[in-house]
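Read through the structure below, which is laid out as structure tokens, and then see the notes.
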Amino acid sequence: GRSYEGDYLNDLKVGDKLESFPPFGPRVWRTPPDGSMIVFVSAGCGNKPIVNLLREAMKANLPVAYFHADTNSTTHALRRYFEATVPEGTPMSYFYSKPLEHDVNSPNVSTERMTGEKIVSSLKAVGVSLDKVEFYISLRYEGTCKLVKGLHEAGVSDDRIVPHYFGPILPTTE
């Protein structure tokens with residue numbers, strides 16, 4: 001079935017107004033050290049909580065990067081919002097598991113699985129130093145665990161990672 005949020009968002013029309021609130025929990029937003037880049041990493045509906053975090057980063061004039069995993073461009077919610085909000089030249093990559101024909105030739109699209117190593121390699125390729133990065137992650141629990149492990153293996157220290165996850169932690173018995 002579809003989620004309440006998915007049904008609600010799919011019924012919106014151009015011009016409708018939304019009020020959103022930042023995610024909550026420990027270490028949701030912290031003021032990063034001067035010169036830090038904020039790297040947002042999400043999958044599926046995990047990019048929804050990042051909208052408010054992106055707004056905070058833009059207000060603080062912080063450089064950002066955006067990495068997102070999804071099925072394809074038709075399921076990638078808020079893609080246009082992110083692209084319109086961040087400055088030109090912002091590092092962005094989309095990892096699509098079942099890309100459509102037009103996705104394959106689109107800039108920033110990869111058909112590979114999103115991993116910590118690929119994210120770090122992308123950042124290093126544009127001259128970003130890992131000691132100047134704060135990673136905000138919004139994935140399902142299993143994905144968060146795998147990505148954090150991959151970031152650690154790629155040399156990212158734990159104090160630079162702000163993980164958030166959604167969905168069940170253990171399989172349900174329903």
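Results for (1) farther than 22 Å from A57 by Cα; (2) crowded, with 19+ Cβ neighbours inside 10 Å; (3) at pLDDT below 90, shown as yes or no for each residue.
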| site | (1), (2), (3) |
| --- | --- |
| E101 | yes, no, no |
| V109 | yes, yes, no |
| V120 | no, yes, no |
| V126 | no, no, no |
| L151 | no, yes, no |
| D158 | no, no, no |
| T173 | yes, no, yes |
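Any chance the range 86-98 includes a residue that's in a helix (DSSP H, G or I) and surrounded by fewer than 17 Cβ atoms within 10 Å (Cβ to Cβ)? For the range 86-98, residues in a helix (DSSP H, G or I) and surrounded by fewer than 17 Cβ atoms within 10 Å (Cβ to Cβ): absent. Of the numbered criteria (1) among the basic types (K, R); (2) within 17 Å of the chain's Cα centre (by Cα); (3) not in a loop (DSSP other than H, G, I, E, B), the one R113 fails is (3).
Among residues that are open to solvent by 20 Å² or more (accessible area, probe 1.4 Å), part of a helix (DSSP H, G or I), modelled with pLDDT of 90 or more and closer than 24 Å to S36 by Cα, E56 is not included.
Just one residue in the set H68, H152 is farther than 21 Å from G35 by Cα and either of a type in the set (A, V, I, L, M, F, W, C) or not in a strand (DSSP E or B) (or both); that residue is H152. Pairs meeting the criteria (first residue in the range 113-132 and of a type in the set (D, E, K, R), second residue part of a helix (DSSP H, G or I), beta carbons under 8 Å, at least 6 apart or on different chains) are E117/G150; E117/E153; K124/L130; D131/R160. Only residues that are within 21 Å of S97 (Cβ to Cβ) and either assigned to a loop (DSSP other than H, G, I, E, B) or open to solvent by 10 Å² or more (accessible area, probe 1.4 Å) (or both) were counted in the range 31-48, giving 4.
The values are calculated or read from the model by the stated rules, or taken from the named source; none is laboratory data. Note that the coordinates shown come from a computational prediction; the quantities given were computed from them, not determined experimentally. Virtual Cβ from ideal backbone geometry, glycine too; neighbours counted across all protein chains shown. All accessible areas refer to the heavy atoms of the entire protein, side chains included, with ligands and DNA or RNA removed. Shrake-Rupley method; radii C 1.70, N 1.55, O 1.52, S 1.80 Å.
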